[in-house]
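K.L.:
Take a look at the following structure, please.
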Amino acid sequence: MAIIITDECINCGACEPECPNTAIYEGAEDWKYADGTDLEGDIVLPNGKNANADEEQEPISDEIYYIVADKCTECKGFHEEPQCAAVCPVDCCVPDDDNVETEEELLAKQSFMHNE
Ligand code: SF4
Ligand code: SF4
């Protein structure tokens, strides 16, 4: 399952550089599938969604740091545990019950983004 940042976030920024998938963005910043991945041009995500990797997407939050669920693999394929949750000083990076995925799905997502 993906991780989500709750509104307890204090905008410290500690989590952002830790994400191996560049799935974390500062509030109000646009995001792209291409950021920090090998994706480019038109793509079909493992979940069937169509997108353009180079297109800027609307921020998911204007107020606090946010995680793009489509890019979060819960750090599978890179680390033993979610790195954002490990560094967050207020423990506001928590499992997202609305985005539950199996380990196989998370690993497939990771290799899709990084061409392994
Ligand atoms: S769990 Fe890992 S992949 Fe997901 S947002 Fe946090 S650091 Fe990024
Ligand atoms: S580490 Fe935690 S408090 Fe800091 S920006 Fe990330 S989610 Fe917010």
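Quick note: the coordinates plus some simple rules give every number you see, no bench work behind them. The shown structure was predicted, so the numbers you read here are calculated from the model rather than taken from an experiment. Quick reminder, even Gly has a Cβ in these numbers, built from the backbone with ideal geometry, and neighbours come from all protein chains shown.
K.L.:
Quick one: dipole size for the chain, taken about the Cα centre, charges +1 on Lys/Arg Cβ and -1 on Asp/Glu Cβ, in debye to the nearest 20.
P.N.:
Value, rounded to 20: 240 debye.
K.L.:
By how many nm would the segment from ASN11 to ASP97 lengthen if fully extended, with 0.36 nm per residue of separation less the alpha-carbon distance?
P.N.:
Net length gain for the segment: 28.7 nm.
K.L.:
In addition: As a test of the formula, what do you get for the chain when each DSSP H run with n ≥ 4 contributes -39,500 (n - 2.57) and the sum is divided by the residue count, at 222 nm and rounded to the nearest 500 deg cm²/dmol?
P.N.:
-4000 deg cm²/dmol
K.L.:
Moving to a separate point now. Taking the Cα centroid of the stretch 2-37 and of the stretch 68-91, what is the distance between the two, rounded to the nearest whole Å?
P.N.:
Here the two parts' Cα centres lie 10 Å apart.
K.L.:
Would you kindly derive the ³J(HN,Hα) couplings of the stretch 29-41 from the backbone phi angles with the Karplus curve 6.51 cos²θ - 1.76 cosθ + 1.60 (θ = phi - 60°), listing them in order in whole Hz, with x for Gly and Pro?
P.N.:
8, 5, 10, 9, 5, 6, 4, x, 10, 9, 6, 8, x
K.L.:
Let me ask something else about it. By how many degrees, 0 to 90 and rounded to 10, does the Cα axis of helix 103-114 deviate from the longest principal axis of the chain?
P.N.:
Helix 103-114 sits roughly 70 degrees off the main axis of the chain.
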